[in-house]
Amino acid sequence: VSGKKEEASFRMLRADGEPEERRDVPESSGVSSQPEPQVQHRLGSLYGVPWQPPGPPIQHSPADQETSTVTQQQWHLQGLGRSELQAAGLPEAQLGEAAESSPFLLGSEVGQPYSSSPPSEEVLSLLRAIPPIPDEVVVRQKRAPHGSWKVGTLLHGKRVYAVAISGSTHHVYTCGSGYIRVWDESALQAGNKAPQAQLDLQDPQDCVVTCKLFPDEQSLITGGASQAVTLWDLAPTPQVRARLTSTGPTCYSLAVSSDAHICLACFHGFVEIWDLQNQILIRKHEVPVYGSRCVDITGNIFWTGGEDTTLYSWDLRNYQRLHQHDLQNEILSITHDPGEEWVLAGLRTSDIAFLHTRRNEQFKALVKKYTRHHSLKFASCGSYFVTAIDTRLSGLEAPSLQKLFQIEESSGILCCDVSSDNQYLVMGSKSSATVYQLLY
């Protein structure tokens, strides 16, 4: 068990297209987003301090839209300069291999293409002699999108604190105070179509602030200011399967294991660990009171973080604390890549911390813009993720951190999700959800 806080040695990177200056604004956690009066006192400091107006959208060249496919080891090597690679014990011959693993090197200025001298004629002749690889044995990586197109607005009627979109049916679930609304695919292309269904919460004053689709997209789990975590069956007709009575008043964050057997529900000072198959509470696990704003799970490890600026990792098998990483700023969200190799933490300063789940590797993408909301979502294809900061959402390629697209909304973005087929992006705000189609 790691009993003391680890001094995180992060390699600092620049997120492409963001300003360099840091806004020195004192952090606080007072409620300023003004949720509905009947739930404001129950949400506490979940929605923090006023945000600074972001700058105008930044245009990017077609070079920003190129994608690359690298292994997780190459991702790490990209974060090291030549001197660091030598210090790591790589011989001179392998330095070139590390440098050529991707067209973008994280060790150089983020967003700048890496160039090297052209190969010699001898090398070219050897390459020409290699027989072609049959198409049927080639594993092709899905490309990352290069843009987005606004296709519709879903009029939820109240603040949308949580949202989910299915990739198989393209149904959208908008969640807030009093009810959940279900929208079919035809509503995504319209601006005033009525929802397919409205699921009223047990108490009209209950409020859903977090939701997760199951991997098979046949079930949804929701939590919030409701004294329960609710499990919903979505097909053929959305309905409550079970209400899992909680021991805390407000669930701030949910995480579901990749096999949908375990659910973690994060409350103030503890995490409830639920067996979803048998619908029983396995354990009420205490975590630091100010480190319990958000939760995520990767394999047998779960992660928590919050106002105390520390990211904690815990062993799901024996419930022991594994590590704690000082990220130096309040943690507003946690997510992971589809391979469960990397954990991403969205910070109050808009920075993003990247930590490897099994190796002592970490780096931080710097933005340095004080924010009220910071949502993160990794695409299921693994080639990009989205980060929503106040009124701006950006799509960033993984692992190069090249900006693929950017969306500017008229009001603060409270939540976001990407469909599992990587076709749609949906964002929740003060009274509606906006739907964008991703362009390839």
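Each value in this text was obtained by applying a stated rule to the coordinates, not by laboratory testing. Since the structure is predicted, the reported quantities are computational estimates derived from the model, not experimental observations. Here the Cβ is made from the backbone with ideal geometry for all residues, glycine too, and neighbour counts use every protein chain on show.
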Next on the checklist: So for the range 266-416, considering every pair of alpha-carbon atoms, how many percent are separated by more than 28 Å?
Outcome noted: 19 percent
Checklist outcome for this item: Rounded to the nearest Å, the spacing of the alpha-carbon centers of the range 258-302 and the range 354-385 is 21 Å
Next on the checklist: Could you compute the net charge surrounding Thr247? Neighbours are other residues with a C-beta less than 9 Å from the C-beta of Thr247; K and R count +1, D and E count -1.
Outcome noted: 0
Item to check | Summed residue charge, Cβ within 11 Å of Pro195's Cβ, Lys/Arg positive, Asp/Glu negative | outcome: +1
Checklist entry - What FRET efficiency would be calculated for the residue pair Gln277, Thr237, taking the C-beta separation as r and a Förster radius of 35 Å, to the nearest 0.05? => result 0.95
Checklist entry - At what distance in nm do the modelled label points of Gln423 and Leu155 sit from each other, each positioned 7 Å from its Cα along Cα→Cβ? => result 2.6 nm
Item to check | Per-peptide average of other Cβ atoms within 10 Å, ordering 202-208, 298-304, 242-248 highest first | outcome: 298-304, 202-208, 242-248
Checklist outcome for this item: Simple spin-label estimate for Tyr290/His356, 7 Å along Cα→Cβ, in nm, reads 3.2 nm
Checklist outcome for this item: Each label sits 7 Å from Cα toward the beta-carbon; between Ser168 and Ser125 the label points are separated, in nm, by 5.7 nm
Checklist entry - Sequence-distant or interchain residues sharing an amide H contact under 5 Å with His156, placed H: which? => result Ser432, Ala433
Checklist entry - Which of Lys369/Lys403; Lys158/Lys377; Lys364/Lys403; Lys212/Lys369 have a Cα-Cα distance over 19 Å? => result Lys158/Lys377; Lys212/Lys369
Next on the checklist: What do you get for trypsin sites (Lys or Arg not before Pro) in the range 272-344 restricted to DSSP loop and a cutoff of at most 11 other Cβ within 10 Å of the site's Cβ?
Outcome noted: Arg317
Item to check | Three-way shape label, the range 132-439, alpha-carbon gyration tensor, a/c 1.5 | outcome: rounded
Checklist entry - With the Cα gyration tensor of the range 339-432 giving a ≥ b ≥ c as the square roots of its eigenvalues, does the rule (a/c under 1.5 for rounded; else a/b larger than b/c for prolate; else oblate) give rounded, prolate or oblate? => result oblate
